[in-house]
Every structure is written in C-alpha cells, then in structure tokens.
Amino acid sequence: MKAKIVILPGDGIGTEVVEGATAVLHTIAQKFGHTFETEEQLIGGCAIDAEGTALPEATVTACQSADAVLLGAVGGTKWDDPNAKVRPEQGLLGIRKAMGLFANLRPVKLYPALADASPLRRDKLDGVDILVVRELTGGIYFGERERWTDENGEEWGKDTMLYSASEVRRIADIAFKAAQGRRGKVASIDKANVLDSSRLWRKTVVALAEEYPDVELEHVLVDAATMHLLSRPSSFDVMVAGNMFGDIVTDEASMLTGSMGNLPSAALGSALNSHGLPRGMYEPIHGSAPDIAGMGIANPVGMIMSLAMMLRHSLGLEEEAMLVETAVAQAINDGHRTGDLARDGEKALSTEEMTAVILQNLEN
Ligand code: IPM
Ligand code: MG
C-alpha cells in the first residue's frame, strides 16, 4: 500500500518520541512492502518561533491532504507567558478543528507486568480495560473567551461551555458503537446537577440510548467519575465525555497503567482519506514534558501505540497494527522500562534504547 503521512513532531519530548515512531513506521514499511511517504510540518511552539503562528497554513494544507497525521506534543516553558497572544496549544486545537476531528479515542489498557508501577493496589487493577471517547472540537476549549479589567481595576477572565445536541449525538454514537464491540457498557460523564450544557448532554445521550438497547448506560457526574476511576476502575468499559471532562479523566485514568507516557490516542472525524478510511490524527495523550525535554529519556510507548492505532484506523493495516502492539507489550513484559516506569533497582532505558528493543521485537 501507498500512503502519505504528515508528521508533526511539535515541541519538547514530542520530537523525541516521534523519532521512535518514525523508526517503527519505516520498519513496518520495509517488512510488509508498503510505501509510506512522510512529510514533516511545524506546529506549536516551534511554529511560533519560525512563523509567528502556532498553526502555519502549510501545516493545515498538508494535513488536509494526508492519509493520516502523527503528532508528538506541543508546548513548553518558553511560550508559557500567560499574557502571550500566540500559544502552542492553539496549534493543536486549531488542527483538530481544521481537520474536523471531533472524536478522540483514548484506550486505557493495562500491561500485567506494569501492575506494580501503578499507584493503585494490584487487586484494584484486575480487568481494567477502558476506552475513553472524548469530544474534541467543541465545549469549553472552543467557546468564546475574554479577558478584561473592570472600572474598579478588577481583572476578569471568561470561558464558555457550549454544546449542540448534534455535537453530543455524534460523539455519543461513537461511544455506543464502540461499546457494542466491547463489553456493552457506556458511562456518560457530565455535570448535569449544575451545568445546562451537561443537562442537554444527558438528555441527548438518553434519547440516543434507545437505539442501542443492547448497551447498558450509566450516567456519572464528573467529580464522582474521578473517584470511581480509583475505587472501581474495572467496572468501566466505554466512558464518553465532553472535551474538558475527557481531558481530565484520561490523565487520571492513564495512571492506572503506571504512567501517562503509555497512553495513545486517535482523533477521528468524518473526512475520509485516499483509502476511504478516516483521515485521523494520532498522538500520545501526554504533553511536551518540559521537565525532561531534551534529555532523551521520554517513554515512547504512547507515541508508538498511537502509530499502531494509525495503521489500524486510517490505513486498515490490522496485522501491522497488532504486530506493533505485540512488540511493545513484549518489550514491557520482558522488563524493559523507561524512567517513568522503572522502580528502585530497575534499569531505566533511554527513549532510543526503548525504541531499539521494540524495533528488535518487530524484526523477530
Ligand atoms: C491533550 C492535551 C491538550 C488538550 C493540550 C495540550 C491543549 O492536554 O491532548 O490531552 O487539552 O487537548
Ligand atoms: Mg490532556
């Protein structure tokens, strides 16, 4: 197969983990005789430095004609000034919006060998296997916002949380369909006891549930959901949430696996690529990690597992995707750990070393 893949390394450890994923991509191409044409583009802080904008036009154009996009991470202390007009995160939100990627799939799967790396007791983790479906192009991250100073010199900041029923329906529909292929349960996360946008969310989800009588639906208030993720994580199958709530619960849920460095994600919309499959963007859920950026010690697993999701969802290469996932699982089961996962006395591998182990497993 031939495919055009745009690579957006971004900032900080984004560039480091993308290197690992690119190596895996080339190995898969060679092994299976595929031609993956890759093209790098700027996004985030590096784009601000080079072009004065977090999302250059050339990046948008390239992504919109690609079969799939791989993204590392954006952001860093250099661009963190709270008064700055341009911010790296605008690039990420902007490309999600420009590509219409409203559905973010964030699987939370445990590697048995990492049970002791999780802050939760082993007995709590038995059977944990969650898919968080996060709405990605609406809600409070895209609502109107404003900063001003009133006549008394008091400073104000305002954000707006806005959802239409059709935005809720299309994301909930993805959650119900995903549940049908899994354990048949959807937990819808909202704050319907306070927010109107959440009351609309819940009403819309309840109405849609009638079309899915085989799926068991529960409503969980977002504050309670963060608690239940710690007290009964294995009871969750598919969780569906708005943009901000999904952002928050996935960082929490990632720690069930021992490190947020492990978690991949797929951002999908309704646009199709040249293979008639979703033109998705694939990124780990972690950020640019300014504290360890440049040290070469970041965990590449979330990025490489995102690449596996790309092979599956945007290129239809199930066998290749499974091979990558098996190579990663084997590396972990064989005891290989980056610093975020290594426990006292365990050797911490660099990003490059961990990638090399995964590449080696791919060859065998
Ligand atoms: C994520 C990140 C981003 C988000 C940031 C970097 C804008 O936290 O992908 O979860 O909030 O979506
Ligand atoms: Mg996040």
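The values are calculated or read from the model by the stated rules, or taken from the named source; none is laboratory data. Given the structure is predicted, the values throughout are model-derived calculations rather than measurements. Reconstructed Cβ throughout: ideal geometry from the backbone, glycine too, with neighbour counts over all protein chains shown. Ligands, DNA and RNA are excluded from the accessible area calculation, which covers all protein heavy atoms including side chains. Shrake-Rupley method; radii C 1.70, N 1.55, O 1.52, S 1.80 Å.
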Which value, in debye to the nearest 20, describes the size of the charge dipole of segment 283-364 about its Cα centre when Lys and Arg Cβ atoms bear +1, Asp and Glu Cβ atoms bear -1, and nothing else is charged? 120 debye
Among Gly181, Tyr141, Ala98, pick out the residue whose Cα is farthest towards the positive end of the charge dipole of the chain, where Lys and Arg carry +1 and Asp and Glu carry -1 on C-beta, about the Cα centre. Gly181
Residues whose built amide H sits under 5 Å from the amide H of Lys185, excluding neighbours closer than 5 in sequence, are Glu216, Val238
Could you compute the net charge surrounding Arg183? Neighbours are other residues with a C-beta less than 12 Å from the C-beta of Arg183; K and R count +1, D and E count -1. -2
Glu39 and Thr61 label points (each 7 Å along its Cα→Cβ direction) are spaced in nm at 0.9 nm
For Ile171, what is the net charge nearby, where nearby means another residue's Cβ is under 10 Å from its Cβ and Lys, Arg count +1, Asp, Glu -1? 0
Which percent of the accessible area of the chain is formed by carbon and sulfur heavy atoms (probe 1.4 angstrom)? 52 percent
Which of the lysines could a cross-linker span from Lys177 if the Cα-Cα distance has to be under 28 Å and same-chain partners fewer than 8 positions apart are dropped? Lys97, Lys109, Lys124, Lys185, Lys191, Lys203
Residue-span extension gain [Lys109 to Phe32] - 0.36 nm each, minus C-alpha spacing: 25.0 nm
Residue by residue through segment 31-44, the couplings from Karplus 6.51 cos²θ - 1.76 cosθ + 1.60 with θ = phi - 60°, in Hz, x for Gly and Pro, are 5, 10, x, 8, 10, 9, 8, 10, 9, 8, 9, 8, 8, x
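With runs of 4+ DSSP H residues as the only contributors, calculate the mean residue ellipticity of the chain at 222 nm using -39,500 (n - 2.57) per run, divided by the residue total and rounded to the nearest 500. Let's see the in-between values first.
Numbers: 12 runs with 144 residues, N = 364.
Here the helix-only value at 222 nm equals -12500 deg cm²/dmol.
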Taking 7 Å along the Cα-to-C-beta vector as the label spot, tell me the Asn333-Glu144 distance in nanometres, rounded to one decimal. 5.5 nm
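Using a 10 Å cut-off on Cβ atoms, rank the peptides 184-190, 6-12 from the highest mean neighbour count down.
6-12, 184-190
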Collect residues whose amide H, placed 1.01 Å from N in the peptide plane, falls under 5 Å from the amide H of Ile43; neighbours closer than 5 in sequence don't count. Gly10
So between Ser350 and Glu318, what do we pick up on full extension, going 0.36 nm a residue minus the alpha carbon distance? 8.7 nm
Mind listing P(r) for the chain? All alpha-carbon pairs, 20 Å bins, whole percents. 29, 60, 11, 0
Which one of Ile292, Ile48, Ile174 has the biggest mean-square fluctuation once the chain is modelled by GNM with Cα springs under 10 Å? Ile292
Could you compute the net charge surrounding Leu221? Neighbours are other residues with a C-beta less than 9 Å from the C-beta of Leu221; K and R count +1, D and E count -1. -1
Stretch gain in nm, segment Glu155-Ala50, where the contour uses 0.36 nm per residue and the Cα spacing is subtracted: 34.6 nm
Can you give me the Cα centroid spacing of segment 217-254 and segment 76-128 in angstrom? 14 Å
Tell me which residues come under 5 Å, amide H to amide H, from Thr338 once H is placed; ignore anything under 5 positions away on its chain. Leu349
For the chain, what is the charge dipole size about the Cα centre, in debye to the nearest 20, if Lys and Arg each add +1 at the Cβ and Asp and Glu each add -1 at the Cβ? 860 debye
With θ set to phi - 60°, apply the Karplus curve 6.51 cos²θ - 1.76 cosθ + 1.60 along segment 272-287 and write out the HN-Hα couplings as whole Hz, x wherever there is a Gly or Pro. 9, 9, 5, 9, x, 10, x, 7, x, 10, 10, 8, x, 7, 6, x
Reduced to Cα centres, the span from segment 138-189 to segment 29-47 in Å works out to 31 Å
Grab the beta carbon distance between Val194 and Ala271, set R0 = 35 Å, and tell me the FRET efficiency rounded to 0.05. 0.50
Please give the per residue accessible area of the chain, computed with a probe of 1.4 Å over protein heavy atoms only, in Å². 43 Å²
Quick check: from the Cα gyration tensor, does segment 1-73 come out rounded (a/c under 1.5), prolate or oblate? oblate
